[in-house]
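Asks: Below you'll find the structure I mean.
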Amino acid sequence: MLSFFWIILAAAVYGALHSLTASLYVKALAEKRLGLFIRRFYRLFFNLFSIASFLVVFALVIWLPDQLLYSVPSPWLWLMLILQVLAGLLGLVSLRQTGLSALVGLEQVFSPEGNSRPRPLSQHGFYRWMRHPVYTFSLLFIWMTPRMSLNLLALYLGFTLYILVGIYFEEKKLLAEFGETYAEYRRRTPMLIPPFF
């Protein structure tokens, strides 16, 4: 049970650091201290930092003592694995719809002023039915895991909570960026679950 606590704590610290470094305040502070030069590389550094810090959390899941909670038998095992693969593929499609090179930070690196092109609000593809399809498919992917341990449960609970809190901050940024266009989109489009479910 102590492992569960440490993983939840590590996931919470990861989530807080991720949200802090994603904030407009920290980005503006970095530009003030390091100059406009950092604008070109900030998104790329942010993503590399996110990956490295997540690896620390994931290492705890692997290294700390664990306990199997359940293992789904066939044929349900195959159904869950198919749903995981499908969720992974649909998540990648959703990422492409938002502009993958800008999301990763490569577009900014090769842009003359370090800014990605002003992007329109994505309301096509899966974004027609839900505001955050990448998060929807990510959650579906993790919760369709056919073999669940206590450590994985702690990681998934932390990840789910982080997504729900992160949506709140992300939507504030989207409202600031797109104004009434996003407010109207938010009024008519569900957050995570398409209206036909």
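The values are calculated or read from the model by the stated rules, or taken from the named source; none is laboratory data. No experiment lies behind these values; they were computed from the predicted model shown. Backbone-built Cβ (ideal geometry, glycine too); neighbour counts: all protein chains shown. Accessible surface areas use protein heavy atoms only, side chains included; no ligands, DNA or RNA. Shrake-Rupley method; radii C 1.70, N 1.55, O 1.52, S 1.80 Å.
Asks: Report in % the part of the accessible area of segment 1-41 that belongs to carbon and sulfur, leaving out ligands and nucleic acids; probe 1.4 Å.
Replies: 76 percent
Asks: If amide H atoms are built 1.01 Å from N in the plane of the peptide, which residues on other chains or at least 5 residues away come under 5 Å of the amide H of S149?
Replies: Here L69 satisfy the definition.
Asks: Shifting gears a bit: As an exercise, take the mean of 1/r over every pair of distinct alpha carbons in the chain, invert it, and state the Kirkwood radius in angstroms.
Replies: Kirkwood radius, the chain: 18.6 Å.
Asks: Dividing the alpha-carbon Rg of segment 99-197 by 2.2 N^0.38 Å yields what?
Replies: Normalised Rg, Cα atoms only: 1.27.
Asks: Relative to the Cα centre, what is the charge dipole magnitude of segment 113-175, using +1 at the beta carbon of each Lys and Arg, -1 at the beta carbon of each Asp and Glu, and rounding to the nearest 20 debye?
Replies: 140 debye
Asks: If you take the beta carbon distance between F45 and E177 as r and set R0 to 22 Å, what does 1/(1 + (r/R0)^6) give as a FRET efficiency, to the nearest 0.05?
Replies: 0.55
Asks: Over the Cα atoms of segment 142-197, how large are the radius of gyration and the largest Cα-Cα distance (Dmax), in Å?
Replies: 15.3, 44
Asks: Given the -39500 (n - 2.57) contribution per DSSP H run of 4+ residues, what per-residue ellipticity at 222 nm results for the chain, rounded to the nearest 500 deg cm²/dmol?
Replies: -23500 deg cm²/dmol
Asks: Taking only protein heavy atoms into account and a 1.4 Å probe, give the accessible area per residue of segment 1-54 in Å².
Replies: 66 Å²
Asks: Taking the simple approach of a point 7 Å from Cα along Cα-to-Cβ for both V165 and T145, what is their distance in nm?
Replies: The modelled label-to-label distance comes out at 1.9 nm.
Asks: Further question on the same structure: Can you tell me the FRET efficiency between A52 and L89 if r is taken as the Cβ-Cβ distance and R0 is 30 Å, rounded to the nearest 0.05?
Replies: 0.70
Asks: Okay, next question. Using the Cα atoms of segment 50-148 to build a convex hull, what is its mean projected area in square nanometres?
Replies: With the hull built on Cα positions only, its mean projection is 8.5 nm².
Asks: Convert each backbone phi in segment 28-42 into a coupling constant with the Karplus relation 6.51 cos²θ - 1.76 cosθ + 1.60 (shift: θ = phi - 60°), then list the ³J(HN,Hα) values in order as whole Hz, x for Gly and Pro.
Replies: Once rounded to whole Hz, the list reads 5, 5, 4, 5, 5, 7, 10, x, 5, 3, 5, 4, 5, 10, 4.
Asks: Considering only protein heavy atoms and a probe of 1.4 Å, how much of the accessible area of segment 47-197 is carbon and sulfur, as a whole percent?
Replies: Using a 1.4 Å probe with all protein chains present, segment 47-197 comes out at 73 percent carbon and sulfur.
Asks: Pop a pseudo-label 7 angstrom from the Cα along the beta-carbon direction at both V26 and L69 and give the gap in nm to one decimal.
Replies: 2.8 nm
Asks: Per residue, what accessible area does segment 73-197 have, given a 1.4 Å probe and all protein chains present, in Å²?
Replies: 59 Å²
Asks: Using a 7 Å offset from the Cα along the Cα-to-Cβ direction at both R96 and F196, what is the distance between the two label points in nm, to one decimal?
Replies: Label-label distance for R96 and F196, simple model: 2.0 nm.
Asks: Mind computing the radius of gyration and Dmax over the alpha-carbon atoms of segment 116-169? Å is fine for both.
Replies: When restricted to the Cα atoms of segment 116-169, Rg and Dmax are 14.3, 44 Å.
Asks: Taking +1 at the Cβ of each Lys and Arg and -1 at the Cβ of each Asp and Glu, which of L79, S122, L95 sits farthest along the dipole of the chain towards its positive end, judged by Cα position relative to the Cα centre?
Replies: Of the candidates, S122 comes out farthest on the positive side.
Asks: Lys/Arg Cβ at +1, Asp/Glu Cβ at -1, dipole of the chain taken about the Cα centre: which of I38, P65, L17 is farthest positive-ward?
Replies: I38
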